[in-house]
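Enquirer: Dumping the structure here so I can ask a few things about it.
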Amino acid sequence: MLSYKRDHYCGLLNESMAGQTVHLSGWVQRTRDLGGLVFVWLRDREGLVQLVFDSAVCAPETFELGRSLRAEYVVTVVGEVRLRDASAVNRDLATGAIEVFVQQAELLNKSETPPIYIDDKADESELVRLKYRYLDLRRPSMQQKLRLRAKLVTCIRTELEAEGFTEVETPILSKSTPEGARDFLVPSRLHPGAFYALPQSPQIYKQLLMLAGFDRYYQIARCFRDEDNRADRQPEFTQCDIEMSFIDEEDVYAVVERVFARIFREVKGVELALPLPRMTWIDAMENYGSDKPDTRFGMKLVNLTERLGKTGFPVFDSAVEAGGRVEAINAKGLASMTRKEIDSLGEFVKTYRAKGLPYMTFTADGGVKSSFNKFLTPELIETVRAAMAAEPGDIVFFAADRRSVAWQALGALRCEIARRKGLIDHSLYNLFWVTEFPLFEYSEEEGRYVAAHHPFTNWYAEDNCYLDTDKEKVRSRAYDLVMNGIELASGSIRIHRADMQAQMFEMIGLDPEEAQHRFGFLLDAFRFGAPPHGGLAFGIDRLAMLLTDSDSLRDVIAFPKATSANCLMMETPADVRPDQLETLKIRVELPQEN
C-alpha cells in the first residue's frame, strides 16, 4: 500500500527538479485518454501539474488505474519529473514546462460527479456554490482569497505586537444594549427568562480593559448583528478591534496608518504615502454628498442655493423656500447621453428620495438644452455656466430638496455615472481619514436625537455651547478611514468621565433608571479612575474583499450566509426539538398564515 504522505506540492514543481522522483497527493482535475498514454491534471492547494500514465513505463495495474480516474477522485502518486518538449509547453500553466511520469499510484477515494465544476472559468450559480461550499472552496481562486485573508491578519498581528499591543479575548455571551442594530439573543437555561446577547462589537469590554490598565489592546473579534437582508453585510463578521489609553486622535491615526501600510506593502506590494490625507465630515458631504466619498474621479457637488433660489423655476424656488437647497454636479464631456440614459438616472435618484433630476446640457455647438427649457433665461444659463465651469459637451444635473436628500441623491448619482461611463481608475487606492462627524442625528422614527456614532463617543469641548441649543452643530471626536467609497475603519475618542457619560445618556433620551439598568457597570467603573482613551475597529471581511478585488463579502468568508442570512449548506437557522425549548422555558408562537 502506497503512503499518501506527499513530499511536494503540485503547483510548486519546476524545471530545476527534472530527473527527481516526487510523491504527490491531491484531486484529479481532468483526464485525457490517448490509448497508450493517459494525461491527468492533479490539483492541490498550490496549483496543477500534469501526470503522465505511460503504458510503456507503468505497471499494468498502475496504467489501468490511470485510465479509471475521474474528476475529483483523490489519488497519491510517485513519479519522475521530466521536461516537456518545447512544442508541448503549456504557457497557461505555472508548471506547464514539466510533467510527472507516474511510476506508482493509488486511489484514495472516489467522487461522485460534483454538482459544480471545480474550475475558476466555470460560471456557477451562487446559490449552488453556497450549498456545496466545501466544493466551491476547492477552486484555486477561493483558496487564494482565503490565504490572502490569513496573510493580512498576520500582518495586523505582527505590526500591533511590534507597537506594544496585547491581544485580549472578550466574551461572546454578553448583555443586550438599547443602541445600534438588533442583537442576536441567547436564552439562559440556568436563568429562565433571561438572555445573553451576542456582541455587536467588544466596545464596552475594551473600554473596561482601558480602566484595567491594558493601555494598548487589540483583538481579532467575531461580531454579530441581526440586520435586515443586505447584499454587502453578514450577520456574523470579523473585525480588528483596537483601543489605546492616554492618547488623542493623532496617536490612533499614526498606529492605524502603520498597520495599513504594512498590509498594503506585504499583501499588495503597494507603498502608502504617510501620513494619509484628512477631510472633515462637512467637507466630504459638501463636495461629494457622502461621508465615505470615492475620490478617484471628479464631479464634485456645488451648492447653487443662493444663485438659483429665485429663478422662477418652481422646483428650485419651492425647495429653497422650504429651507432646502439646490445642488448640482457637472458630468464633463457627457452631453451626448441619450434621453433614455438620462431618464434611467432620474429613476435611479428616486431611490434616494429625490423627486426628480433636472438637467442642463451644454451642446457642442454652444447651445443649451434643458429639462426645464421654458424657465431658462440668459441670466440663469450664465449663472450655471460660471458656477459649474460648464463647457460645450458638458451636462449638469441638479437636486433641489432638503439638504440631506440633495447630498445623498447627487452623491450616489456621481458614483453611478462614473461606474456606467468607466470613469474610475481601479488601480488607485485612495485612503484618507474623514473626521469631525456630527455627534447626534435626529431619528424621525423615534422622535428624538440619537448618537450618530455610539453613545460612548466624546465631543469637542468648544461645542459645549450647542448641547442645549443646536445639537446638530456638535462635532464628535469620531473618525473613519475611507478608501474608494468604502468605509474601512471607524472609531472615536471615548467619554471617560461618569458625569459626561450620564449627560450623554440623558441627551439621547435614556432616562437615568434605564441607563443604570443597561450600563450601570460602566458608570460604576468610571468612578475608579478611567484614563482618557480611544480607538477604532476595521472589518477584516471588507478589507479582504477589497484586496482580492472580489465583488462580494461572501467570496472571502469560508462559510458565509446567503443574502437572506441563512446557510444553504447547513440549512440554518433550523427548528429544534420541543424538549430543548422546554428546558429553556421557551414557547414559540408563529404568526398565523392568511
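The values are calculated or read from the model by the stated rules, or taken from the named source; none is laboratory data. Since this is a predicted model, take the numbers as computed values, not measurements. Here Cβ is always computed from backbone atoms with ideal geometry, including for glycine, and neighbour counts include all displayed protein chains. With ligands, DNA and RNA removed, areas are computed over all heavy atoms of the protein, side chains included. Shrake-Rupley method; radii C 1.70, N 1.55, O 1.52, S 1.80 Å.
Enquirer: Counting helices only, and only those DSSP H runs with n ≥ 4, report the 222 nm mean residue ellipticity of the chain as the sum of -39,500 (n - 2.57) divided by its residues, in deg cm²/dmol to the nearest 500.
Expert: One gets -8000 deg cm²/dmol as the mean residue ellipticity at 222 nm.
Enquirer: Considering only C-alpha atoms, what is the centroid distance from segment 435-473 to segment 95-156, in Å?
Expert: So the two Cα centres are separated by 50 Å.
Enquirer: Let me ask something else. What ranking, highest mean first, results for peptides 127-134, 462-469 when packing means the other Cβ atoms within 10 Å averaged over each residue? Each step should come with its number before you reach the end.
Expert: Working: 127-134: 16.1, 462-469: 11.8.
Descending packing order for the listed peptides: 127-134, 462-469.
Enquirer: So, one more: Show log10 I(q)/I(0) for the chain at q = 0.07 Å⁻¹, two decimals, from a solvent-free Debye sum over equal Cα scatterers.
Expert: Summing over Cα pairs of the chain leads to -0.62.
Enquirer: Still on this model: How high is the relative contact order of the chain? Use alpha-carbon pairs under 8 Å, at least six apart in sequence, and give a whole percent. All intermediate terms of the calculation are to be shown ahead of the outcome.
Expert: Values: 1112 pairs, mean separation 76.3, N = 594.
That works out to 13 percent.
Enquirer: Still on this model: Between ALA399, THR177, SER427, whose Cα lies farthest towards the positive end of the dipole of the chain when Lys and Arg beta carbons carry +1 and Asp and Glu beta carbons carry -1, centred on the Cα centre?
Expert: Looking along the dipole axis, the top candidate is SER427.
Enquirer: Within a Cβ distance under 11 Å of VAL168, other residues only, what is the Lys/Arg minus Asp/Glu net charge?
Expert: Working: positive: LYS206, ARG216; negative: GLU167, GLU169, ASP241, GLU243.
Overall, the nearby charge balance is -2.
Enquirer: Suppose each label sits 7 Å from its Cα in the direction of the beta carbon; what would the ASP549-GLU236 distance come out to in nanometres?
Expert: Modelled inter-label distance: 3.2 nm.
Enquirer: With a point put 7 Å past each Cα toward its Cβ, work out how far GLU286 is from MET1 in nm, to one decimal.
Expert: About 7.6 nm, to one decimal.
Enquirer: Separate question: Of all the accessible heavy-atom surface of the chain, with the other protein chains kept in place and a 1.4 Å probe, what percent is carbon and sulfur? Present the calculation step by step, with values, prior to reporting the outcome.
Expert: Numbers: 14940 of 30040 Å².
After summing per-atom areas, the C and S share lands at 50 percent.
Enquirer: What distance in nm separates the two pseudo spin-label positions at ILE172 and ARG265, each 7 Å out from Cα along the beta-carbon direction?
Expert: 3.5 nm
Enquirer: Gain in length, TYR429 to THR469, computed as 0.36 nm per residue apart minus the alpha-carbon separation, to one decimal in nm?
Expert: Details: separation 40, 0.36 × 40 = 14.40 nm, distance 4.08 nm.
Contour length minus Cα-Cα distance gives 10.3 nm.
Enquirer: Here's something else I'd like to know. Distance between the C-alpha centers of segment 213-246 and segment 543-594? Whole Å please.
Expert: So the separation of the two Cα centres works out to 19 Å.
Enquirer: If you count only protein heavy atoms with a 1.4 Å probe, what accessible area per residue comes out for the chain, rounded to a whole Å²?
Expert: Working: 30040 Å² over 594 residues.
Each residue of the chain exposes 51 Å² on average to a 1.4 Å probe.
Enquirer: Using 0.36 nm times the number of residues separating GLU514 and SER318, minus their current alpha carbon distance, what extension gain do you get? Display every interim value, and only then the final one.
Expert: On the way: separation 196, 0.36 × 196 = 70.56 nm, distance 4.33 nm.
Taking GLU514 through SER318 to full extension adds about 66.2 nm, to one decimal.
Enquirer: Consider just the alpha-carbon atoms of segment 468-594 and return their Rg together with their Dmax, both in angstrom.
Expert: According to the Cα coordinates of segment 468-594, Rg and Dmax are 21.9, 58 Å.
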